[in-house]
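Single-structure report; data block below.
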Amino acid sequence: MGGRSSTYKERIKSIGDLIKELDKKYKSSKESDKILDLGNADAETKLEGNFKYKDSLNDKNYMICNSLNDIDKKIKESTIDQIAFLSERYKHLIKNILDDSEVKVRSYAINDIYLKRKQTLPNYSTIACWSKSTKQICINQRVNKSYESVVEKVKYSQSTGHFMQTDDNTQDRYILTHEFGHFLEDCLIKKRLNTDTYTEPQRYREALNITDEICQIAKSKYKATATDIQFISKYGHTNAYEWFAEMFTSSILSSQKSPLNNAMLDYLRKKKENKQ
């Protein structure tokens, strides 16, 4: 009989090990598992009427779409509130990145072929996603029929370690915060590369570099150990993009600041102060 293979966390002994693991998992992933049908974002129109934070979203390059009316009212309000909060907090990092185009925050009955392969794990279904190519944060209409159901799914995913642990009563904001994290990292990467013609391997290499830099801050300033560097959800193990989005979500929604939480906030604060 063969010996037991080591787990992901058992293989992480240093920042270098973490970077190698994220790179390895990314390169071995199947693109077919990630194909999502997000519909035609360009056909959407803005949400009419008054809602909280509407004024603060003006001139922030966000388009809150009418299709959000197709999801649970409490989820819609939570989504709008959180995108307004995050866009205001990180406006200096996203400014001039979108070239006057808009990120469409919308809903759609997402066709997720990966979901079909995970029918035994319904709580890991795609609740929302961020699309770099079409610049949209898309809320899955199929899942967001009930506020209580979404909160339950996030809590379940947290209980299994699939998602990061956050404070009580933050589960309704978890998914939107995660997707905004992807958007924010895309902005950081574009600034680092300073070109619109970069390749996907170049983009991912910068994502790995960002992970490395955050971990270096955690180690040098907050004395992070190998165990601290392992502090990430199962979803965050997927690749460097998910690592960033999950760590960003934890740093925003958790009051219990780990070395990595603090390092993430320090990294973003430094980028803001230096206007990088």
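Order these peptides, 175-183, 253-261, by their mean beta-carbon neighbour count within 10 angstrom, highest first. Each step should come with its number before you reach the end.
Values: 175-183: 24.8, 253-261: 16.9.
Put in order of decreasing packing, that is 175-183, 253-261.
Just the number, please: Stokes-Einstein D of segment 8-273 in µm²/s, Kirkwood Rh from C-alpha pairs, 10 °C, 1.306 mPa s.
Working: Rh = 19.0 Å.
Reported coefficient: 84 µm²/s.
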Quick one: 3J(HN,Hα) in Hz for segment 83-89, Karplus 6.51/-1.76/1.60 with θ = phi - 60°, rounded, Gly and Pro as x.
5, 5, 4, 6, 5, 6, 5
Just to be sure I understand the model, the point goes 7 Å from the Cα along the line to the Cβ. What's the resulting Thr195 to Asn96 distance in nm?
2.0 nm
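Longer than 19 Å from Cα to Cα, which of Lys234/Lys271; Lys46/Lys73; Lys20/Lys271 are they? Say none if no pair is. Spell out each step's value before the answer.
Working: Lys234/Lys271 27 Å; Lys46/Lys73 17 Å; Lys20/Lys271 25 Å.
Beyond 19 Å between Cα atoms: Lys234/Lys271; Lys20/Lys271.
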Residue (of Asn194, Ile94, Ala207) at the positive-pole extreme of segment 8-273, dipole from beta-carbon charges
Ala207
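Charges at C-beta only: +1 for Lys and Arg, -1 for Asp and Glu. How large is the resulting dipole of segment 8-273 about its Cα centre, in Debye rounded to 20?
For segment 8-273, the charge dipole is close to 620 debye.
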Using +1 at the Cβ of each Lys and Arg and -1 at the Cβ of each Asp and Glu in segment 8-273, identify which of Ser78, Ala245, Pro259 lies farthest towards the dipole's positive end.
Pro259
Modelled label-to-label distance, Thr7 and Glu213, 7 Å Cα→beta-carbon offset: nm?
3.2 nm
More than 19 Å apart: what percent of Cα pairs in segment 167-264 qualify?
42 percent
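FYI, it's all coordinate maths here, none of it is from the lab. All values derive from a computational prediction rather than experimental measurement. Glycine also receives a Cβ, built like all others from the backbone with ideal geometry; neighbour counts cover every protein chain displayed.
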